[in-house]
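Below is one structure, written out as structure tokens; comments come after it.
The values are calculated or read from the model by the stated rules, or taken from the named source; none is laboratory data. Just so it is clear, the structure is predicted and the values come from calculations on it, not from any experiment. Virtual Cβ from ideal backbone geometry, glycine too; neighbours counted across all protein chains shown.
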Amino acid sequence: MNGIRKQWLFYPDYIIKTTDGNVWIIETKAGHIKNIDRQVENKFNTFKEYAKKYNLHWSFVHDIDEELYINNTIYTEDMSGENWIPLEPVDTILAT
């Protein structure tokens, strides 16, 4: 709920199963320049709490210049920091 006691619904974009049998819940967002979702940070933090409570693998995925980046640590709009990891090395990311 927000400050005016309005509840917002949130439905992640993808549920995937990796080759090692793990299930991940993924939310995709346009890159930082194209992002128009005013609730993105709230969604990220709520998603993070939910995943921790139910012991789920999860992540947000954004694009920068046609390349995908994944984050499930701390949300930042600036995607040049260490929170956003290139999605290329999937085996490294999925090991976390």
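Any idea which residue in the range 35-60 is nearest to Ile85 (Cα to Cα), counting only those that are surrounded by fewer than 17 Cβ atoms within 10 Å (Cβ to Cβ) and in contact with a Lys or Arg (Cβ under 8 Å, 6 or more places away or on another chain)?
Among residues in the range 35-60 that are surrounded by fewer than 17 Cβ atoms within 10 Å (Cβ to Cβ) and in contact with a Lys or Arg (Cβ under 8 Å, 6 or more places away or on another chain), the one nearest to Ile85 (Cα to Cα) is Asn35.
Among residues belonging to the range 14-24 that are surrounded by 12 or more Cβ atoms within 10 Å (Cβ to Cβ) and under 24 Å from Glu66 (Cβ atoms), point out the one that is modelled with the lowest pLDDT.
In this case the residue turns out to be Thr18.
Filter the range 25-49 down to residues that are at pLDDT 75 or above and assigned to a loop (DSSP other than H, G, I, E, B), then give me how many there are.
Quick first cut of the range 25-49, residues at pLDDT 75 or above only: 25-29, 38-49.
After this cut, where a residue has to be assigned to a loop (DSSP other than H, G, I, E, B) as well, the list is 38-39.
The total comes to 2.
If I ask for residues that are in a loop (DSSP other than H, G, I, E, B) and either at pLDDT 90 or above or at positive phi (or both), which ones from the range 58-82 would you list?
Step one: list which residues in the range 58-82 are in a loop (DSSP other than H, G, I, E, B), which gives 65-66, 72-82.
If the condition is that a residue be in a loop (DSSP other than H, G, I, E, B) and either at pLDDT 90 or above or at positive phi (or both), then Asp65, Glu66, Asn72, Thr73, Ile74, Tyr75 are the ones that fit.
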